[in-house]
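Undergrad: What follows is a structure written as C-alpha cells; I'll ask about it next.
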Amino acid sequence: MKLFLDTGSLKDIEALVPLGIVDGVTTNPSLMAKESGDPRQIIKRICTLVQGPVSAEVLETSADGMIREGRELAALDEHVVIKLPFGKEGLKACRALAAEKIPVNMTLIFSPTQALLAAKVGAAYVSPFIGRLDDIATEGMNLIEEIVDIFQNFGFTTEVLVASVRHPVHVVQAARLGADVCTCPPAVVESMFKHPLTDIGLERFLKDWEKAQAAKA
Ligand code: E4P
C-alpha cells in the first residue's frame, strides 16, 4: 500500500521524505490555507521534494472553471494530480482532464456509487473520507471494503485512496482491505513508528552490552 502525506507543510514533508516511506502527498484548500506563501509555489516545491503524485485541489466549481484551473495546476509539475470535488461538474471536468491524460483524484467521496461514477469517467484516484464518516457514527472502513470489491469486480484501474485518516488503526485497516493508497496527516505517520517495547528493548540491549564491557574491563 502506498503511503501519502496529507499536508501542505513543507517542514513536515522535508522531515519525512528522507526516510523513504513517502510515496506522494495530498493537499486540500483547508490544508493550504494554513501555509504562508504562494500556494502554487508550495505545490511545485512539494513535487520537487516528493517526486511522486501530489494532489492539488481546484477552487473553481463549474466544469469549465475546473478544467481551466486543472490545466494550470497540471502545468506546474509532471507530478501534479488534479483534485476535483465530487459532483456532476466534477465528473464532467474529470472526463475532460482524463482525456488529456491529466490524472484526477476525485475527492469528497462518501458512498460506493460516487466512487463507481468517478471510476467510470476515468479518475486516477478516488478519495473516500473515512474519518468524517466515523465522526457521524458510520463505519468509514465499510466504504473502503465496498469500493475495493466493486473496483476488483470490474477491473477498474482507479486507485482507492483512503482519506480523512485519524489514527494508525485506520492505516492497518486500509492495508488489510487492499486499499491502494492511504494518505495520513504527519502526526499519524509519526505514531506509526512508536512502540514502547521497541524503546525498552533497545535500552536493555545497550545496558546489557555496557554491563558486559564493564565486567570485562
Ligand atoms: C484528503 O485528501 C483530504 O485532504 C483529507 O484526508 C481530509 O481529511 P480531514 O477529514 O481530516 O479534513
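Undergrad: Exactly one of (1) free of Cβ contacts under 8 Å to residues at least 40 places away in the same chain; (2) out of contact with any Phe, Trp or Tyr (no Cβ under 9 Å at 6 or more places or on another chain) is unmet by Ser164. Its number?
TA: (2)
Undergrad: Which count do you get for residues in region 19-41 that are open to solvent by 10 Å² or more (accessible area, probe 1.4 Å), under 16 Å from Ala74 (Cβ atoms) and within 16 Å of the ligand (Cβ to nearest atom)?
TA: Counting residues in region 19-41 that are open to solvent by 10 Å² or more (accessible area, probe 1.4 Å), under 16 Å from Ala74 (Cβ atoms) and within 16 Å of the ligand (Cβ to nearest atom) gives 1.
Undergrad: Let me confirm something: among Glu159, Glu190, Glu203, which residue is over 16 Å from Ile130 (Cβ atoms) and within 16 Å of the ligand (Cβ to nearest atom)?
TA: Details: Glu159 fails: over 16 Å from Ile130 (Cβ atoms); Glu203 fails: within 16 Å of the ligand (Cβ to nearest atom).
Of Glu159, Glu190, Glu203, the one residue that is over 16 Å from Ile130 (Cβ atoms) and within 16 Å of the ligand (Cβ to nearest atom) is Glu190.
Undergrad: Which members of region 104-114 meet the condition of being within 14 Å of the ligand (Cβ to nearest atom) and not hydroxyl-bearing (Ser, Thr, Tyr)? Lay out the reasoning, then the answer.
TA: First, the residues of region 104-114 that are within 14 Å of the ligand (Cβ to nearest atom): 104-110.
Residues satisfying the conditions are Val104, Asn105, Met106, Leu108, Ile109, Phe110.
Undergrad: Which residue out of Asp149, Asp134 is within 14 Å of the ligand (Cβ to nearest atom) and farther than 17 Å from Thr26 by Cα? Write out each step before concluding.
TA: Details: Asp149 fails: within 14 Å of the ligand (Cβ to nearest atom).
Testing whether each residue is within 14 Å of the ligand (Cβ to nearest atom) and farther than 17 Å from Thr26 by Cα leaves just Asp134.
Undergrad: Which one is farthest from the ligand (Cβ to nearest atom) among residues in region 1-14 that are closer than 23 Å to Ala175 by Cβ and open to solvent by 60 Å² or more (accessible area, probe 1.4 Å)?
TA: Met1
Undergrad: Ok, one more. Would you check which residues across region 140-156 are surrounded by fewer than 19 Cβ atoms within 10 Å (Cβ to Cβ) and part of a loop (DSSP other than H, G, I, E, B) and list them?
TA: Gly155
The values are calculated or read from the model by the stated rules, or taken from the named source; none is laboratory data. Remember, it's a predicted structure, so these values are computed and weren't measured experimentally. Cβ atoms come from the backbone with ideal geometry, glycine included; neighbour counts cover every protein chain shown. Only protein heavy atoms, including side chains, enter the accessible area calculation; ligands, DNA and RNA are left aside. Shrake-Rupley method; radii C 1.70, N 1.55, O 1.52, S 1.80 Å.
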